[in-house]
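The values are calculated or read from the model by the stated rules, or taken from the named source; none is laboratory data. Values in this document were obtained by computation on a predicted structure and should not be read as measured data. Virtual Cβ from ideal backbone geometry, glycine too; neighbours counted across all protein chains shown. With ligands, DNA and RNA removed, areas are computed over all heavy atoms of the protein, side chains included. Shrake-Rupley method; radii C 1.70, N 1.55, O 1.52, S 1.80 Å.
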Amino acid sequence: MIAFFRVRWPDTPAKQVWSDTVATNWLNPAIPFSLAHYWKVSTFQQADMSNVVFPPLIINNPGVDRDQLVYAVLAAAEQAFHPTWSQFDRCIIYFAQHTDLFGGGPYQTADGNHLMAAVFDIESTFDLACQEVGHTFGLCHELDKTTNEYQCPYSVMSALTTDLWFTRTLNPNLPGADRPENPQNRVGPYIPTAHLYINQYNPINPHGVFNHPDTVSYITTTYEYTPVNVRLYARDVAIAAWPNRRTVLAVVPPIVPGGDTYFLELRRRDNSYDHGIGNTSIIILSANFFAWNPCMFATNTPRLHYIDRIDMEDVKGDLDYHSFNGRFVIRVNNFAPDLSWANISIGGGNAWQNFRLLFEEQLNDTQLIASGDWKRGLIAPCPIELKRVFRYRTKTYHTFFVLRARSIGYEAPGYSWKLQNVLLTPADNSITLQVSCRDHTGQNLNSPSLHPVDCQYAVNSGRLELTVLSPFAGITLDLEVVVAETSPSVMKNYYPSRTLQTTVHANNLGIEWDDDYKAASAACWKRFQSAFDQIPKFELPHPNPGDPGPDYFEKIGIREVIRFLAARDPQAARAVAAIIADKAAVSIEQVMEAALRNTRLLPGKTGRY
């Protein structure tokens, strides 16, 4: 249980002391962005946040010595309240003036009990206050790969220099309601779940409830020879599902003597304590259970090191992490569209040499640029009617593409892009190419011919943004991307380059007919379909399709196929006609008219003539 004390000096205004209501709310686990709520959700409800809020204390400033500061508060509390100290295992002390910020202990009470203490003051940010309380639970700051402190951006235990904090919305029920700049509105991220795992049966995970195979996937050392696959759920997804479990942590034991154990977790931006995260990532921490470097607040646990991350959004490199020292690779195979889960594999030995290059889903869109003036044109609404005058206009567009190439197996992949076999240099942003495409004369698209096609682009490593600007139809562009190793610290002949090609299509020119034409065309096709419904069923003659070397492709002509489809699905007939029209550089209407020209229902007849 927590004893919460509010303390001011005699010359500190009483209004700077949190009221009983505010203090009680701050320690209420049901109120989001309260201290108690942070620690309950961050530990999957395992941390004990039961508390007693004592009335404010007034003491003389005992000086800068931290031990004397805590003992002065405990002595004042003993004299004023005579607490039953044995019911408490930690205390939190809030000073209503600039004082200090720290956490630790233990501190002995008047009856011989010992308390861990977290100390913060009116100038302390919320994430730093959470960090000091974390020390009372036995948690240390995360280190980097060496011994530098406060180095994990994804943890409130590094909330001094690197944590991904944000400013929360004001809440009149909590401290900081007076202004957004109040330090209590600066909120930091959850602690990594690796803290819970290594602190099994310590105060942060007192009953070991978190360390369950449905929450923690412990990877067996067979990954040295056979890659192991696991699905990790985002931290916020696992929290929302609790007490139903989701796999939120993967533990990778060492396959080298005396090596580190690695911890993998999926973190993304949410509407709670991870709201400050920008890029969804698999974060990688480690601890060494052999070369003992214990946390000073829990000497039975090793220090955690933040190692790296695998970004899953706006990626400039691979979706993998290769540990030379640990002789393994962590690879993201795929993930949910909303980034709520990711399938990863862990492989040892030479698994890192599985080099690949692939395209992610291609995005494209069109933007209307201009609509021409309405003009008059002669056209038949459908093949069974005569041509007559309708209005049409041209419409021009820009077509926008986003392509992202992802490579696997490279330490520092470098990407180069080519468009129509011309290298796209990142320093430039435009290019003009001679491309076969179609312009128009009046209401008709002309046959394909070479035209200058203007493009704008932006190359950002494995990401290409391309805009096709010129007002032509039937533009087809060939794209190529090459990935090669660029790291100076590896032998490049072990990292072969890979090439991938694709094509993109842009139709930046269209002919739009007026509503009268659309209505006439719909009515004409309806009559056309009604006429065909009266024709007896027509089966396409062909040999047994299972026979070797079928010759029905030669026996059945395009005209018969279009007529057959027109009797059953006019839209499909037009789709086939569109293909022929494109190849022959004529209009769809011309193809349909030629295919159906001799189709009539004569009086007294029931067949097709």
Subject >> Computed lengthening from K145 to V402, 0.36 nm per intervening residue step minus Cα-Cα distance >> reply: 88.9 nm
Original post:
Can you give me the relative contact order of the chain as a percent, contacts being Cα pairs under 8 Å and 6 or more apart?
Top reply: 8
Original post:
Using modelled backbone amide H atoms (1.01 Å from N, in-plane), which distant-in-sequence or interchain residues come within less than 5 Å of W341's amide H?
Top reply: A234, A336
**OP:** Give me the accessible area of L115, 1.4 Å probe, in Å² rounded to the nearest 10.
**Re:** 0
**OP:** Using Cα centres only, tell me the gap between segment 1-56 and segment 283-310 in whole Å.
**Re:** 30
Original post:
In segment 190-282, what % of DSSP beta bridges are antiparallel (nearest 5)?
Top reply: 50
**OP:** Note the listed values (i) 1.17; (ii) 1.05; (iii) 1.10, then indicate which one is Rg/Rh (Cα atoms, Kirkwood Rh) calculated from this particular structure.
**Re:** (i)
Original post:
Which are the unpartnered cysteines of the chain, meaning those with no other cysteine Cβ under 4.7 Å from their Cβ?
Top reply: C91, C130, C152, C437, C455
Subject >> Karplus-derived 3J(HN,Hα), 6.51/-1.76/1.60, for each residue of segment 212-227, Hz, glycine and proline x >> reply: 10, x, 7, 10, 10, 9, 8, 7, 6, 6, 5, 4, 4, 10, 10, x
**OP:** Select from the chain the helices, each a whole stretch of DSSP H, whose alpha-carbon atoms run 20 Å or more along the helix axis and whose Kyte-Doolittle mean is at least -1.0; answer none if there are none.
**Re:** 66-81, 515-532, 570-584
Original post:
Separation of segment 373-424 and segment 183-259 by C-alpha centroid, Å?
Top reply: 48
Original post:
In sequence order, what are the phi-derived ³J(HN,Hα) couplings for segment 253-258 according to the Karplus relation 6.51 cos²θ - 1.76 cosθ + 1.60 with θ = phi - 60°, rounded to whole Hz, with x for glycine and proline?
Top reply: x, x, 10, 10, x, x
**OP:** Averaging sequence separations of C-alpha pairs under 8 Å and six or more residues apart, then dividing by the length of segment 1-109, give the relative contact order as a whole percent.
**Re:** 42
Original post:
Accessible area, 1.4 Å probe, largest first: how do V453, V389 sort?
Top reply: V389, V453
